[in-house]
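The values are calculated or read from the model by the stated rules, or taken from the named source; none is laboratory data. It should be emphasised that the depicted structure is a prediction, and the values quoted were computed from it without experimental measurement. Cβ placement follows ideal geometry from the backbone for every residue including glycine, while neighbour counts extend to all protein chains displayed. These accessible areas exclude ligands, DNA and RNA; they are computed on the full protein's heavy atoms, side chains included. Shrake-Rupley method; radii C 1.70, N 1.55, O 1.52, S 1.80 Å.
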Amino acid sequence: MRTVLSALSVLLAVVLAAVAVPALWLDRNVVDESGFVHLLGPMGSDKDIQSTLVSNLDAAVLSSAGVPDALKPIAQQAVDAVAKGLVSDPGFPQAWSDTLRATHQVNFSADRASANAFELELRPLADLLARKLGASLNASISGPPSLTVQVGTAQQRSWLTNAQDLARLGIPLAFGAVLALVLGLLFARRRGVALAWAGLGLLVVAALFQGADGLIPAAGSAQGNSGSMSSTFGARAAELAAANFESWILALAVCGAVLLVVGAVLGAVRRRRRRAEASF
């Protein structure tokens, strides 16, 4: 009976750990604002993202500037010239970080989030473009009060909602996994064997995660039309998420390997002790 209880507890620990790891990752890197900004920060240097961002900014800034119709051709030329140098401006990295923070607030606030799409809030970048345009024209130009661009589908919006729900369970699931492992060791007649099986289970989970991790970029790029803002943003975000999650997979694999080795060592020590006792 103790062996059965130990095996079930160890199995439960592995299953809970398999759910806790992605839940904790989501909590630290998606639901948390600072983690979200850190995760997607490298997108600001992506050429495809930069070009699609600029194409969404110039028309909005020109419209909010209140330029008379007679001067719009001249203003359009000025906007185009300023927009081309926007990504090389010293203020662009900070504006991109502020854009990600504003985007997180829009999509993770219950009273502001869209129910049908993931939206990118470009107001900080639009403000930067408006300031540069105003400096070039020697005029005071303000950006639009809000500039949201849909960069995700309704399906991705539902994924985000599910991710938020799962992230809330990360710490309880991790605590449950540790508790189940402790109970498995307490029930076990041979604790080395229980540890080894737990380690092997974590290694199997890590291998499954590694295989699934390679499918994330394809899932992200499949959303939206090819070359669209939605497709470009989704593909790059999925690549960054997959690359970031790999370090968590490695940590899980290391934990599994440590448990497996410790269990094997304890088992070897136990067998050697039995042989020594039998020889007397």
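Legend: residues Lys132, Lys47, sorted from most to least accessible area (1.4 Å probe; ligands, DNA and RNA excluded), read Lys47, Lys132. In the context of the full set of protein chains, the chain has a per residue accessible area of 53 Å² (1.4 Å probe). Among Pro90, Pro172, Pro124, the residue with the largest mean-square fluctuation in a Gaussian network model of the chain, with springs joining Cα atoms closer than 10 Å, is Pro90. Helix 170-187 and the longest principal axis of the Cα set of the chain meet at an angle near 10°.
Between Ser142 and Asn162, the simple label model (points 7 Å from Cα in the Cβ direction) yields a spacing of 4.3 nm.
Applying the Karplus relation 6.51 cos²θ - 1.76 cosθ + 1.60 with θ = phi - 60° to the range 102-111 yields 3J(HN,Hα) values of 5, 5, 4, 5, 5, 8, 10, 9, 4, 8 Hz, where x marks Gly and Pro. Please report the carbon-and-sulfur percent of the accessible area for the chain; probe 1.4 Å, protein heavy atoms only, DNA, RNA and ligands left out. Here it works out to 63 percent. Report note on the peptides 141-147, 93-99: ranked by the mean count of other C-beta atoms within 10 Å, highest first, their order is 93-99, 141-147. Evaluated with a Cβ-only charge set (Lys, Arg +1; Asp, Glu -1), the chain carries a dipole of roughly 2000 debye about its Cα centre, given to the nearest 20. Protection proxy ranking of 15-22, 201-208, 265-272, 163-170, by the mean of other Cβ atoms within 10 Å over each peptide's residues and highest first, is 15-22, 201-208, 163-170, 265-272. The H on the amide N of Ile141, modeled in the peptide plane, is under 5 Å from the matching H of Gly134, each at least 5 residues off or on a different chain.
What FRET efficiency, computed as 1/(1 + (r/R0)^6) with R0 = 25 Å and r the Cβ-Cβ distance, is obtained for Leu5 and Ala268, rounded to the nearest 0.05? The calculated FRET efficiency here is 0.50. Taking 7 Å steps out from each Cα toward its Cβ at Asp111 and Glu246 produces label points 4.2 nm apart. Using only Cα atoms, find the angle between the long axis of helix 47-64 and the longest principal axis of the chain, and express it within 0 to 90 degrees, rounded to the nearest 10. Taking Cα atoms only, the helix is inclined about 40 degrees.
Relative to the dominant Cα principal axis of the chain, helix 191-213 is inclined by about 30°. Ordering Ser231, Ser51, Gly263 by Cα displacement along the dipole of the chain toward the positive end leaves Gly263 in first place; charges were set at the Cβ atoms of Lys, Arg (+1) and Asp, Glu (-1). Give the calculated FRET efficiency between Ala81 and Leu208 to the nearest 0.05, with a Förster radius of 35 Å applied to their Cβ-Cβ distance. Approximately 0.10, to the nearest 0.05. Its Kirkwood hydrodynamic radius, worked out from the mean inverse distance over all distinct Cα pairs, puts the chain at 22.0 Å. Less than 5 angstrom separates the built amide H of Gln150 from those of Leu120, all sequence-distant by 5 or more or on a different chain. Counting only heavy atoms of the protein chains and using a 1.4 Å probe, Trp25 has close to 20 Å² of accessible surface. Dividing the helix sum by the residues of the chain, where each DSSP H run of 4 or more adds -39500 (n - 2.57), gives a mean residue ellipticity at 222 nm of -25500 deg cm²/dmol.
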